[in-house]
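The values are calculated or read from the model by the stated rules, or taken from the named source; none is laboratory data. Small disclaimer: the values here were computed from a predicted structure and weren't measured. Cβ: placed from backbone, ideal geometry, glycine included. Neighbour counts: every protein chain shown. For the accessible areas, the whole protein counts, side chains as well, though only heavy atoms, and no ligand, DNA or RNA atoms are used. Shrake-Rupley method; radii C 1.70, N 1.55, O 1.52, S 1.80 Å.
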Amino acid sequence: LNQWLLENGLDDKRLDTMLYENLQIEIFKKNMFENKIESTFLQQKELLDKVLYSILRVGNKEQANELYIQIEEKESSFSNLVSTYSIGSEKSFNGIIGPIELGRIDPILRERLKISSDGQLWEPFEFRNSWVILRHEKNLPSKLDDNMKERIRNSMYEEWINKEVLKLLDQVRYPKK
């Protein structure tokens, strides 16, 4: 501990102060936001749910249609076609993406994945200057466990802090006369 304190320019008193301040912040977060966590989770649940999907990107519609038919008729596997033809970074992972929160996925893909069922294959569509074949693999619903509660509590605290800082900046920039 003494070595770590020296390396970080601290002493016992400063460490005690930092730990006390962090504990005070955690108590504040619980008191301020605990009763709002469940409703926030329910409001954001759709974006917090995770999904696993496969994607194949090619440069033109004709090639996308041909590959789609091969997948649909089980002439070739999705992963083999991705590793051979895909032009995106998913090529390194046999086209598999995720699990990833729906809120972190491009809205165009997210809308399709939200209404998909496991194993659903989407016909080719144009997306960001390429043609995409998308297959929904699996939904992984989010749960309001301790980790999720902490994440939401911290997010609410960060939002609150940012609003308070903006208020203070406005007061400094535009003082009342």
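In square angstrom, what is the accessible area per residue of the chain with a 1.4 angstrom probe?
Ligands and nucleic acids excluded, the result is 69 Å² per residue.
With all protein chains present, how much of the accessible area of the stretch 81-177 (probe radius 1.4 Å) comes from carbon and sulfur, to the nearest whole percent?
With neighbouring chains kept in place, the figure for the stretch 81-177 is 51 percent.
If amide H atoms are built 1.01 Å from N in the plane of the peptide, which residues on other chains or at least 5 residues away come under 5 Å of the amide H of G88?
When sequence neighbours closer than 5 places are left aside, the close amide H contacts are R57.
Which whole-Hz ³J(HN,Hα) couplings does the stretch 117-131 yield from phi under the Karplus relation 6.51 cos²θ - 1.76 cosθ + 1.60, θ = phi - 60°, glycine and proline marked x?
Ordered by residue, 3J(HN,Hα) equals 10, 3, x, 5, 9, 9, 4, x, 9, 7, 8, 6, 6, 8, 10 Hz.
So who's got an amide H within less than 5 Å of the one on E137, skipping anything under 5 residues away but keeping other chains? H placed 1.01 Å off N, in plane.
L52, Y53, S54, G119
May I ask you to list the lysines whose Cα is less than 30 Å away from that of K29, ignoring any residue fewer than eight positions away on the same chain?
Those lysines meeting the cut-off are K13, K45, K50, K143, K149, K163, K167.
When a/c is below 1.5 the answer is rounded, else prolate if a/b is larger than b/c, else oblate, so apply that to the stretch 107-177 with a ≥ b ≥ c taken from the square roots of the Cα gyration tensor eigenvalues.
oblate
Which entry in (i) 17.6; (ii) 11.8; (iii) 8.8 matches mean projected area of the Cα convex hull in nm² derived from the coordinates of this structure?
Here mean projected area of the Cα convex hull in nm² agrees with entry (i).
What ³J(HN,Hα) values, in whole Hz, does the Karplus curve 6.51 cos²θ - 1.76 cosθ + 1.60 give for the stretch 95-109 when θ = phi - 60°, with x put for Gly and Pro?
Computed from phi, the couplings for the stretch 95-109 are x, 7, 10, x, x, 9, 5, 4, x, 9, 9, 3, x, 5, 6 Hz.
Residue by residue through the stretch 46-62, which ³J(HN,Hα) values in whole Hz follow from phi under the Karplus form 6.51 cos²θ - 1.76 cosθ + 1.60 (θ = phi - 60°), with glycine and proline marked x?
For the stretch 46-62, the Karplus curve yields 4, 7, 8, 4, 9, 9, 10, 9, 10, 9, 10, 10, 9, x, 9, 5, 4 Hz.
Can you find, among N94, Y20, S117, the residue sitting farthest towards the positive end of the charge dipole of the chain, where Lys and Arg contribute +1 and Asp and Glu -1 at Cβ?
Y20
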